[in-house]
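> Can you keep this structure in mind? I'll have questions shortly.
The values are calculated or read from the model by the stated rules, or taken from the named source; none is laboratory data. Small disclaimer: the values here were computed from a predicted structure and weren't measured. Counting neighbours? That spans all protein chains shown, and the Cβs are built from the backbone with ideal geometry, glycine included. For the accessible areas, the whole protein counts, side chains as well, though only heavy atoms, and no ligand, DNA or RNA atoms are used. Shrake-Rupley method; radii C 1.70, N 1.55, O 1.52, S 1.80 Å.
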Amino acid sequence: MNLVGMTKDLMLLSYSRATMDAEIMDKDLPEKTILSIDGGGILTTPSIVVLEEIEYRLGLPISSIFDCIGGTSAGALVALGAAIPEESSVKPKYSMEKLRQTFTDTSQVIFANPKHQISALFTYKYEPTLMKQSLEGLYGEATLSQALSEIVVTAFDIGEWVPHIFTRTQAKTDPRKDLRMSLVAQMSSAAPGFYPPVECLLPGSDTPHAMIDGGIVANNPALTSLVMLSQLYPNTKFQIISLGVEVPSTKRVVSHKDKSWGQIHWLLQHNIFGAFVDGSSSLTDFNLSGLCEALGHSFHRVRIPLDGCSPEPDCVTKKNISALELQAVSWLDNNRYAFDGLMAHLSRNTKSKVVETSSSFSSYPLNQGL
């Protein structure tokens with residue numbers, strides 16, 4: 001069974017499914033909305049463009065539209081950026097338009113000056129100090145408990161060999177877990193080979209934990225976010241919107257001639273880490289789709305194809321970033337019907353008025369100069 005083929009068109013099918021679910025489910029049940037953002041370095045750019053369009057169409061900040069925002073790696077940077085408040089305020093610090101530019105600027109800093117290809121075989125590719133300083137500048141002193149909506153961020157502990165999930169609820173319940181957003185973002189984004197593990201003292205431990213990229217276990221954090229929010233709000237309907245990209249394969253397909261390969265062949269000829277991440281994300285889509293259909297929740301999966309873009313998460317050239325942005329605009333234009341249905345559903349939850357599609361696309365800032 002080809003899971004990718006089954007999940008590829010979920011966005012186009014989800015609105016009709018959501019309409020059907022609304023007729024079946026108990027209308028008296030409260031409804032909560034969940035936003036999930038995949039990791040992927042600069043490849044997360046198209047997801048931010050979609051969020052920018054959602055903000056425009058509904059006239060509300062993302063933190064007011066969604067009750068929970070989950071993110072992994074670069075998706076965690078976006079999730080935290082969407083939920084961080086202005087200092088001494090309940091308003092978000094960043095609009096999605098501003099966050100898109102800030103995300104671009106930050107990515108171009110943290111992915112600057114890679115080490116020589118030979119050196120990178122034996123140590124991390126990028127200087128971690130640049131990422132640490134950039135994220136501290138992005139989030140300041142803000143902590144998880146200050147988030148404007150529930151937050152779910154994943155990381156992986158290579159010392160205990162277990163995943164860690166950081167949430168606003170935990171931070172509010174236990175002050176020892178109220179970590180700085182900048183630290184949580186750094187832990188979730190420490191991709192193996194790109195950055196060293198990030199050390200952090202956690203409650204109940206006297207020794208630092210070494211954290212790496214949450215994409216190791218949950219590059220698509222949609223299912224994790226649903227489980228966490230279900231624990232907070234039992235007997236609730238959930239509407240999940242999960243954002244990611246469809247990376248074109250740049251590796252040749254393994255054939256029967258390669259059946260005798262050893263470890264070095266697989267490591268050199270194939271992106272094993274990427275295969276694990278993509279395979280895990282596709283399985284999450286499959287499991288979550290079936291689970292939501294069985295339980296009567298709504299699941300909308302958006303995977304934007306990256307035709308003509310570099311599949312590398314650290315390709316931060318202006319040309320590639322513009323191509324990534326344009327792919328999102330193209331996807332929005334080609335999927336207007338499904339996206340209009342999604343906006344209508346969200347507007348009912350937020351009691352907001354949807355801006356007409358034509359107005360949005362005619363004035364969309366990314367259409368200028370691309």
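> When only the heavy atoms of the protein chains count and the probe is 1.4 Å, how do Leu291, Leu77 rank by accessible area, highest first? Provide the component values of the computation, followed by the final result.
Numbers: Leu291 70, Leu77 15 Å².
Solvent-accessible surface, decreasing: Leu291, Leu77.
> Report the full-extension gain for the segment Tyr337 to Leu283: residue separation times 0.36 nm, less the Cα-Cα distance, to one decimal in nm.
Working it through step by step, the gained length comes to 16.8 nm.
> Taking amide H positions as placed 1.01 Å from N in the peptide plane, with prolines and chain starts having none, which residues 5 or more places from Phe238, or on another chain, fall under 5 Å of its amide H?
Here Lys32, Ser298 satisfy the definition.
> Write out the trypsin sites (Lys or Arg not before Pro) in the range 277-337 meeting two conditions: DSSP loop, and at most 12 other Cβ atoms within 10 Å of their Cβ.
In loop regions of the range 277-337 (DSSP not H, G, I, E or B), there are no sparsely surrounded trypsin sites (Lys or Arg not before Pro).
> Taking a label point 7 Å from the Cα of Glu199 along the Cα→Cβ vector, which residues of the range 143-184 have an amide N closer than 17 Å to it?
Correct set: 157-160, 183-184.
> Please give the net charge around Ser73, taking every other residue with its beta carbon less than 10 angstrom from that of Ser73, where Lys and Arg add +1 and Asp and Glu add -1.
Residues close to Ser73 contribute a combined charge of -2.
> Determine the shape class of the range 148-225: with a ≥ b ≥ c the square roots of the Cα gyration tensor eigenvalues, call it rounded for a/c under 1.5, and otherwise prolate if a/b is greater than b/c, oblate otherwise.
Because a/c hits 1.5 or more and a/b fails to exceed b/c, the range 148-225 counts as oblate.
> Still on this structure, please answer the following. What does the extension gain come out to for Ser88 and Thr350, with contour length at 0.36 nm per residue minus their alpha carbon separation?
91.9 nm
> At a probe radius of 1.4 Å, what is the per-residue accessible area of Met131, in Å² to the nearest 10?
Near enough 10 Å² of accessible area.
> For the range 102-112, in order, what is each residue's ³J(HN,Hα) by Karplus, 6.51 cos²θ - 1.76 cosθ + 1.60 with θ = phi - 60°, in whole Hz (x at glycine and Pro)?
Coupling constants for the range 102-112: 5, 4, 4, 4, 5, 4, 5, 7, 6, 9, 8 Hz.
> Can you compute 3J(HN,Hα) from phi for each residue in the range 201-209, using the Karplus curve 6.51 cos²θ - 1.76 cosθ + 1.60 with θ = phi - 60°, rounded to whole Hz and x for Gly and Pro?
Karplus-based 3J(HN,Hα) across the range 201-209 equals 7, 10, x, x, 10, 9, 10, x, 9 Hz.
> I would also like to ask the following. Over the heavy atoms of Glu97, what accessible area does a 1.4 Å probe trace out, to the nearest 10 Å²?
The accessible area comes out at roughly 100 Å².
> With only alpha-carbon atoms counted, please give the Rg and Dmax of the range 42-194, in Å.
Cα only, the range 42-194: 15.7, 49 Å (Rg, Dmax).
> Still on this structure, I have one more. Counting Lys +1, Arg +1, Asp -1, Glu -1, what net charge surrounds Leu229 among other residues with beta carbon under 10 Å of its beta carbon?
Within the 10 Å Cβ shell, the charges total -1.
> Could you put Thr207, Thr44, Thr123 in order of accessible surface area, largest first, with the 1.4 Å probe and the full protein assembly present? Before the final figure, lay out each step's value.
Values: Thr207 90, Thr44 5, Thr123 55 Å².
From most accessible down to least: Thr207, Thr123, Thr44.
> Right, something else. Residues in the range 201-224, backbone N under 14 Å from the label point at Val162 (7 Å along the Cα-to-beta-carbon vector): list them, ranges by number please.
Residues 202-206, 209-210 qualify, since their backbone N sits under 14 Å from the label point.
> Could you order Tyr56, Tyr337 by accessible surface area, starting with the largest, using a probe radius of 1.4 Å? Please list the in-between numbers first.
Working: Tyr56 95, Tyr337 175 Å².
Putting Tyr56, Tyr337 in descending order of accessible area: Tyr337, Tyr56.
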